[in-house]
């Protein structure tokens, strides 16, 4: 039998529910570690004991464990969805305004932005996400709602909403983001009003979704740009490839190298403790655990994904 046939048979035989249940037990002790994102007051109250995982395969198989139906603030995971919108609207011209290289710095760093003259290193750090959000709101007078509608459609859940308390917390604590946006504006790399971009950005970060929602919303990236549930094409094959590549190299901020070494899949994290991971051609996986490590990524979540790719013998490497 050809090796490819063996691989496909092995894929079908994976008992994802057993895998997830085993991981939930294995990371239980790690839920006490890490620190929640205290700089956003609404996130500081989320118990570190929360944990959830969900998987959705291209063939429709799914599994979940823990608090997989509980909504949480997806924060920077939202950047994947606005990047999808901007690429669909602008195509490759978007890359004239934002780069595609890892930053090697904190997600909200101003250092590179200054000496690179207002061109963010990539679209998944805060500066790059402001440019991407600007691309969306500049084309749509109700860009904030368009982002929410896009996420709802991808997840197949009209009840997904902004967490207005989180959005208010983001704005109240958003002085650093305001500095980034104004710096971009000064360099001519924001077309819309700064306050309008920031309002849309704070709201997109406040979107509340469950792990089940998140894998449904991100599953098109595992399926060459096609929504596994509806058959709708969300992106071209090339755009899907490009988004996965940027997630692989930039999705975990200054921990991308360590994450690639340990986990080995494209992923995007958020300070709400969520991580969306993609195994192209196979599945989407999401994990949520609010306790963060020193780089702002979910401590137990990264470990859970490392166990996941190890136990199912799958990564992009």
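Bear in mind that the values in this text are calculations on the coordinates, not laboratory data. Just so it is clear, the structure is predicted and the values come from calculations on it, not from any experiment. Ideal geometry is used to build each Cβ from the backbone, glycine not excepted, and the neighbour counts take in all protein chains shown.
As I understand it, the value is the acute angle between the Cα axis of helix 126-139 and the longest principal axis of the Cα atoms of the chain; what does it come to in degrees, rounded to 10?
The angle comes out at about 80 degrees.
Quick check on the exposure proxy: order 10, 210 from fewest to most C-beta atoms within 10 angstrom.
With the sparsest Cβ surroundings first, the list reads 10, 210.
Tell me the label-point distance for the pair residue 49, residue 316, using the 7 Å Cα-to-Cβ offset, in nm and rounded to one decimal.
Each label point is offset 7 Å from its Cα along the Cβ direction, giving 3.7 nm.
Give me the one-decimal Kirkwood hydrodynamic radius in Å for region 138-181, with the sum taken over alpha-carbon pairs.
For region 138-181, the Kirkwood estimate is 12.2 Å.
Would you please put 177-186, 258-267 in order of how densely packed they are, using the mean number of other Cβ atoms within 10 angstrom per residue and starting with the highest?
Output ranking for 177-186, 258-267: 258-267, 177-186.
Jot down the per residue volume, in cubic angstrom and as a whole number, of the convex hull over the alpha-carbon atoms of the chain.
116
Taking Cα atoms, how many degrees apart are the long axis of helix 175-186 and the longest axis of the chain, rounded to 10 and kept between 0 and 90?
Helix 175-186 and the main axis of the chain meet at about 60 degrees.
Along Cα→Cβ, 7 Å out, is where each label goes; now give me the distance between the ones at residue 92 and residue 38 in nm to one decimal.
In this crude spin-label approximation the distance works out to 4.8 nm.
Using only Cα atoms, what Kirkwood radius does region 86-242 have, in angstroms?
Every distinct Cα pair counted, the radius reaches 16.3 Å.
Quick check: the angle from helix 78-90's long axis to the longest principal axis of the chain, C-alpha only, nearest 10 degrees?
For helix 78-90, the angle is close to 70 degrees.
Using Cα pairs under 8 angstrom and six or more residues apart, how large is the relative contact order of the chain, in percent?
RCO, the chain: 27 percent.
Measuring from centroid to centroid over Cα atoms, what is the spacing of region 57-128 and region 148-194 in Å?
12
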